[in-house]
1. Consider only pairs whose beta carbons are under 9 Å apart and that are at least six residues apart or on different chains; among these, list those whose first residue lies in the stretch 31-49 and is on the phi < 0 side of the Ramachandran plot and without any contact (Cβ under 8 Å) to a residue 12 or more places away in the chain and whose second residue is more than 6 Å from the ligand (Cβ to nearest atom) and outside any loop (DSSP other than H, G, I, E, B).
2. When the residues of the stretch 8-20 are narrowed to those that are more than 12 Å from the ligand (Cβ to nearest atom) and either farther than 26 Å from His482 by Cβ or modelled with pLDDT of 50 or more (or both), which ends up surrounded by the fewest Cβ atoms within 10 Å (Cβ to Cβ)?
3. Within the stretch 443-466, which residues are within 16 Å of the ligand (Cβ to nearest atom) and open to solvent by 10 Å² or more (accessible area, probe 1.4 Å)?
4. Enumerate the pairs (first residue in the stretch 51-70 and on the phi > 0 side of the Ramachandran plot; second residue anywhere and assigned to a loop (DSSP other than H, G, I, E, B) and at pLDDT 90 or above) with beta-carbon separation below 8 Å, excluding pairs fewer than 6 apart on the same chain, so at least 6 apart or on different chains.
5. Give me the strands (runs of 3 or more DSSP E) completely within the stretch 249-346, filtered to those with at least 2 residues that are of a type outside the set (Lys, Arg), more than 42 Å from the chain's Cα centre (by Cα) and surrounded by fewer than 18 Cβ atoms within 10 Å (Cβ to Cβ), ordered by residue number.
6. Return yes or no: is Gly121 closer than 26 Å to Val445 by Cα and of a type outside the set (A, V, I, L, M)?
7. Could we say that Asn32 is at pLDDT below 90, under 20 Å from Asp107 (Cβ atoms) and more than 10 Å from the ligand (Cβ to nearest atom) here?
8. Please go through the stretch 143-172 and pick out each residue that is in a loop (DSSP other than H, G, I, E, B) and of a type in the set (A, V, I, L, M, F, W, C).
Amino acid sequence: MTEHTKTDGLPRMLDRVPPRNERMAGDKVECNACPVLCQISPGRVGACDRYANAGGELVRLDPVLMLRRGAGSDESIDFGPRGEALPAPAEEAVFVTGVGSSTTYPDYKPAPFIVASQVDGVDMVTVVTEGIFSYCSVKLKIDTDRWLGPEQAPVRCRGEVVGHVTTAEYGSQMLSIGGVHHITGGSKKEGRVAVETLLALCNQQPADLQIEGGAAVTVQSARAPIVDGVEEQRMRVGCGSATIGIFAQQFRDVADEVVVVDDHITGVLTEHQAGRCLGMRPSGLKVRGRKSTPGRYFQVANPGTGWGGTDISDPLSIIEGFDPDVAWPGMRVLMTSTTGEHCAWFVLDRALQPQPAPMPPEVVQVVGRIGQNCEPSLTSVLFVGGAGGSLRAGVTENPVLLTRAIKNALVNVTCGGAPAYVWPGGGITVMVDVARMPAHSFGSVPTPAIVAPIEFTLRLDDYRALGGHMDCVRSVADALAHGAWHHDGAPIARRWVQHDAAQPWPIGQPPLLG
Ligand code: SF4
């Protein structure tokens, strides 16, 4: 393969052409865009389906994705031959993303696109590349009350362990999928399936996961999770105690006692501070479980997929009884879950036994209010990748200066144009919501590893100061006309995607730092 023979002012890189494998057939090309080093026959593609041998030239098959703001529509356009006039939006309306841009591997090369721009008269530059991530995972935030499995339980996909259950958050169960231990530390098959699972989730595709000792879930970015075959509808309005507090006044007007069943914190209205502040008469209702504070109970049942994330289907099973010195016949008791999806109405008989009764319309209305206040249940897929390694060399010859510049809030990091949060501490650990990225932004290579787009935007002066590859900085127009700086003129594709106006334009934004 010959490469980097441009004569338009960009540096000649012939001294950096990789040594040719002498035992390779003459018509093959070797791809060194990842450590697999595929030797690709004419007309064939490499092991990742991302590069091909086109008439003896190594070509990147996927189009480079360009974000465009303003009027227009998504379309694909081939790069023309050098100098060919192609219609393009104004430079300030174009952002070159890392999607399809190709990589810097084996990391001695400047990033494929280093693009100049101006914001409010300030010269900016965006360094654009695809990173190859062996250190990466996704965190799944699954909006559901239902218990998916014990914390630390292995999560399997097609029989392979690809992650684990991690700490639940407010109204959501959390899974961690992938990570270097599954990608590199297990069997070859475990690594392969882990990366395939990551790739599907990152590309906003569904994945079927089985949690050991727990549920089977189907998860997909920005879609409702399916738990044991049932599609979730509502994310809880709050915990049992919070639901009591939020609706206390409305409950008081229609019931004598309300129990909001929750696997974590079950609330009992008249004993709860909210009921006491409203002057409610104590009911004498006693629930099972461990009392935390007045009207707030832990562990009223086992976790499960029933009422409020417990294993119960009969709400009375958590009632120990009623204090005969306090309760009274005719007392009206509402029991509900934290989403209002489960609810029941009881009236105490003369023996102070709760008897099911038709729910009055005014009570139905309050339970409906709980449901109205629930948000749609979704799965959020957050990609986490370690960008503090070798890809930094594609940005600067002195990589630690990039790390410091990011920590000093001089650099806005984006992935496919979407804002990326940079974790505090050492390295460049980025986290991005894949739903904010263009569809199919991710790829993989069989090392195995994930390929993800990443862009670093900063002032041109700061880029110069951190030892950036200034001789590779190009205008947007040049990048549009010719493709990557090392591209040798063979046609490659670019793809326009209309920028979502609800998202921040990636240039000129403050960084999201921890
Ligand atoms: S697997 Fe690696 S070496 Fe093979 S074509 Fe893909 S990027 Fe190139």
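The values are calculated or read from the model by the stated rules, or taken from the named source; none is laboratory data. On a predicted model such as this, the values are computed, not experimentally measured, just so you know. Heads up, the Cβs are rebuilt from the backbone with ideal geometry, glycines too, and the neighbour counts pull from every protein chain shown. Quick note on the areas: whole protein, heavy atoms, side chains included, nothing else; ligands and nucleic acids left out. Shrake-Rupley method; radii C 1.70, N 1.55, O 1.52, S 1.80 Å.
1. Partner pairs satisfying both residue conditions: Arg44/Ala52; Arg44/Asn53.
2. Pro19
3. Gly443, Ser444, Pro446, Thr447, Pro448
4. Within 8 Å, the pairs are Gly55/Pro42; Gly56/Pro42.
5. 319-322
6. Spelling it out, it is not the case that Gly121 is closer than 26 Å to Val445 by Cα and of a type outside the set (A, V, I, L, M).
7. No, not satisfied.
8. Residues satisfying the conditions are Trp147, Leu148, Ala153.
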